[in-house]
Amino acid sequence: MSNLVVDQKILPDISKPQWDQATYSGRARHFFSSTNPLTLFSSHARQEQCREIVTNYRKGIISPTLTVSELWKAKTLYDSTFHPDSGEKMFFLGRMSAQMPGNMVITGMLLSLYRTFPGVVFSHWINQSFNAVVNYTNRSGNSKAEVTEGMELRDENGELVGKSRKMAILSIAQVTLSRIAMAMPYMVATPIIMNRITRTAYYRTSPWMQKYSEIPIQTLLAGAGLYFTTPLCCALFPQKSCVEVSEMSDLVINQKHRPDISKPQWDQRTYYGRVRHFFTLTNPLTLFSSEARQERCRQIVVDYKHGIISPTLTVSELWKAKTLYDSTFHPDSGEKMFFLGRMSAQMPGNMLINGMLLSLYRTFPGVVFSHWINQSFNAVVNYTNRSGNSKASNERLLLSYLCATGGAMSGALALNAMVKNKNSVAARLVPFAAVALANCINIPMIRSNEVTEGMELRDENGELVGRSRQMAILSIAQVTLSRIGMAMPDMVMTPIIMNRITRTMYYRTRPWMKYSEYPIQTMLAGMALFFTTPMCCALFPQKTAVEVTKLEASVQKEIFSRADAPEVVFYNKGL
């Protein structure tokens, strides 16, 4: 088949890049060609020839000997040499093809002249001057204050139809991220490699290497990195993006699909979505929201559920209101929960209690008091978050509280008696073992009715279709594992770190440091709990789907006897 342009059934569209910009590989290939530094060395005659080919082609004038590959080569050189709006030749240092060699030299300076005040000032002045030249050279002919006035929006015919500040902010964020990502690999890897080189015997025994090699080596390494990072990071996001009109307005009333606040904001089928949900739900900052703010959020959520939507309510405001509502008000009764029983109190509450557990483990009164406080806090949380449909009576809650408290105390005291050195790591890990034991007692006892009667199974419409003891046992095991996993990092790592601190000369030579054990361990526990609380709550889906064929035979028979028998049912594992 002929490669001549005049023989093509469909003429190449040079108003668009050569490769598909909807894919990352297409964008990467486009930027590899447009940032190619070899185009800087093309002659003036070659540049003018390419400009003439492109200009004539746009006018419909096509040379009978022009091939498709020659056309695209001419377009590539034209795009890298001439301004897209004015058509004038750009200053060579401001072209995209100068990014790699220019930044290569400048990065070598930045990474080598960082030790002295003059070196820092000079290298960063050169760097920002180069950036200014690039920005000025590539400025748009229609450039405006995008954030204040909005970014231009055009239809498929290129006609201006409006402006959007939201899209302007998103675009600036994407460009900023691309620029940072472009610099990260070579400005992080190069110093690491250079640091390794300076430790070699060859470098240390060669005075000329120590004196003259740092700038050229780091410049070459930066150049090798820039050759790939420049086009690859420019291609991270599409240059020309499309967006639905409804997405440009954050107002709820303008959304084509209204947010469904009966479900969490993020996809609960993925671990990432569940983690994001629990990070917002367990955020301790919600504890400090004012009474007026809480009531306002409750009103927004209640009104939205009844179809009453304020014309000024945005999607982000709706989800923020839903987050505060979920963390403050009971999901069944709608009443405000006692603040210590809220999920948002888990991190600060357990932080203080774990600090006590890890510090008061040496004496009988300390063990009894700290585990009593811990189990009392757990009881408050369990009672506050009990379901309105829960059959766990107050008597059962009290019995589980007493058994868990007794189990934790007796377990801790028994293990303490077995460990002679009360300052050893083994002794410091006793509180964790006791807490794990308490969880293994507490959770199954509170939810024992689910094991005897079976966990409720519902179809996709929320209708009760059966009960399963097997799923109840699995859910209790998952919740127990999550609770133990939540405690493990802070109650295992903190004692190990504290044991190491107590062995330092600084700790041993300062008597006042004996008072630091509780605050240090409390702080370390808090840092760990900030992450482990949401991450362990998210280990397993809250609402889980299971195929009916995987349930007990009796449950399968019960469900399949229904006229509209579902193939998949759902159950709530609880927290």
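The values are calculated or read from the model by the stated rules, or taken from the named source; none is laboratory data. Computed from a predicted model, the values in this text were never measured in an experiment. Virtual Cβ from ideal backbone geometry, glycine too; neighbours counted across all protein chains shown. SASA here: full protein model, heavy atoms, side chains in, ligands and nucleic acids out. Shrake-Rupley method; radii C 1.70, N 1.55, O 1.52, S 1.80 Å.
Observations, loosely collected:
- Ranked by the mean number of other Cβ atoms within 10 Å per residue, highest first, peptides 369-380, 267-278 order as 369-380, 267-278.
- Rounded accessible area per residue of region 252-329, 1.4 Å, Å²: 59
- Cut-off 15 Å between beta-carbons: net charge of the residues surrounding Phe228, Lys and Arg +1, Asp and Glu -1: +2
- Which labelled figure in (1) 3, 12, 16, 16, 17, 16, 12, 6, 2, 0; (2) 3, 15, 24, 24, 18, 10, 4, 1, 0, 0; (3) 3, 14, 20, 20, 18, 14, 7, 3, 1, 0 is P(r) over Cα pairs in 10 Å bins from 0, in percent, once derived from the coordinates: (1)
- Global form of region 430-492, assessed from the alpha-carbon gyration tensor, a/c cut-off 1.5: prolate
- Considering only Pro284, Ser171, Leu464, and ranking their Cα positions along the charge dipole of the chain that arises from unit charges at the beta-carbon of Lys, Arg, Asp and Glu, the one farthest toward the positive end is Pro284.
- For region 562-570, putting each phi into the Karplus relation 6.51 cos²θ - 1.76 cosθ + 1.60 with θ = phi - 60° gives couplings of 6, 5, 10, 4, x, 8, 10, 10, 10 Hz, in residue order, rounded to whole numbers and with x for Gly and Pro.
- Solvent-accessible surface (1.4 angstrom probe) belonging to Tyr57, in square angstrom, nearest 10: 30
- Loop-located trypsin sites (Lys or Arg not before Pro) in region 446-511 whose Cβ has at most 10 other Cβ within 10 Å (DSSP): Arg503
- Gly466 long-range amide H proximity, modeled H, under 5 Å: Leu457
- Probe 1.4 Å - accessible area at Cys440, Å² to nearest ten: 70
- Amide H contacts of Phe338 (H built 1.01 Å from N, in plane; Pro and chain starts excluded): no residue 5 or more places away or on another chain comes under 5 Å.
- Electrostatic dipole magnitude of region 309-420 [Cβ: Lys, Arg +1; Asp, Glu -1; Cα centre; debye, to 20]: 260
- Charged side chains reduced to their Cβ positions (Lys and Arg at +1, Asp and Glu at -1) give the chain a dipole of some 2180 debye around its Cα centre.
- Surface composition of the chain: carbon and sulfur make up 63 percent of the accessible area, probe 1.4 Å.
- Estimated vicinal HN-Hα couplings, Hz - region 496-504 in sequence order (Karplus 6.51, -1.76, 1.60; Gly, Pro = x): 5, 5, 5, 4, 5, 5, 5, 8, 6
- The residues of region 5-90 expose, per residue, 59 Å² of accessible area to a 1.4 Å probe.
- Under Karplus coefficients 6.51, -1.76 and 1.60, residue-wise ³J(HN,Hα) of region 422-428 in Hz, glycine/proline x: 6, 9, 6, 5, 4, 5, 5
- Within region 1-93, the GluC sites (Glu not before Pro) that combine a DSSP coil assignment with at most 14 other C-beta atoms in a 10 angstrom radius are Glu88.
- Look at where the Cα atoms of region 342-359 and of region 484-499 average out, and the two centres are 13 Å apart.
- Charge dipole magnitude, Cβ of K and R +1, D and E -1 - region 303-358, Cα centre, debye nearest 20: 100
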